[in-house]
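Chemist: What follows is a single structure, and I will ask about it in a moment.
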Amino acid sequence: MSQTPPPPNNPFSDPANHPAADNPQQQPYAPPQTYQKPGADATGGLIPYKNPPALIGYYMSVASLIPLLGNILGLVAIIFGIVGLKRRAANPVIKGTAHCWVAIILGSITFLGYNGCVIFSVIAAATGS
């Protein structure tokens, strides 16, 4: 005859021994405590949402990689990047320096590259080469 072993001795298996038995509002455990620095945001500073020109310039510079849009969007990205840098200099609390520099550099590359191709094509067509 086989006998089953007795269940392990668990003090909370009996509802009368449960810590919340006398107070139904009391939780058996405390929720974990999280620490967040004052003024910190959930993005960890990766997205400069307080500096919209930096974000707009960054997205415009990436969009300027699309052919035929690079002439216009590259120039827009440069302008927004410079405006974002000026806002960052005026208020050091807001972030977005890297986004501004990406906007200025990538916007310049696409603007000069696409316009250089247009100028080269016009000269080549004018000279008949």
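Chemist: Name the residue that is surrounded by the fewest Cβ atoms within 10 Å (Cβ to Cβ), counting only residues in the stretch 69-104 that are in contact (Cβ under 8 Å) with a residue 24 or more places away in the chain and farther than 18 Å from Pro52 by Cα.
Modeler: Residue satisfying both the conditions and the ranking: Asn71.
Chemist: Looking for something part of a loop (DSSP other than H, G, I, E, B), of a type outside the set (Ser, Thr, Tyr), closer than 23 Å to Tyr114 by Cα and at pLDDT below 90 - is there at least one such residue anywhere in the stretch 68-84?
Modeler: yes
Chemist: Say we look at the stretch 85-109 and pick out the residues that are farther than 16 Å from Leu46 by Cα and of a type in the set (S, T, N, Q); which of these is modelled with the highest pLDDT?
Modeler: Ser108
The values are calculated or read from the model by the stated rules, or taken from the named source; none is laboratory data. Just so you know, these numbers come straight off a predicted model, no measurement behind them. Glycine also receives a Cβ, built like all others from the backbone with ideal geometry; neighbour counts cover every protein chain displayed.
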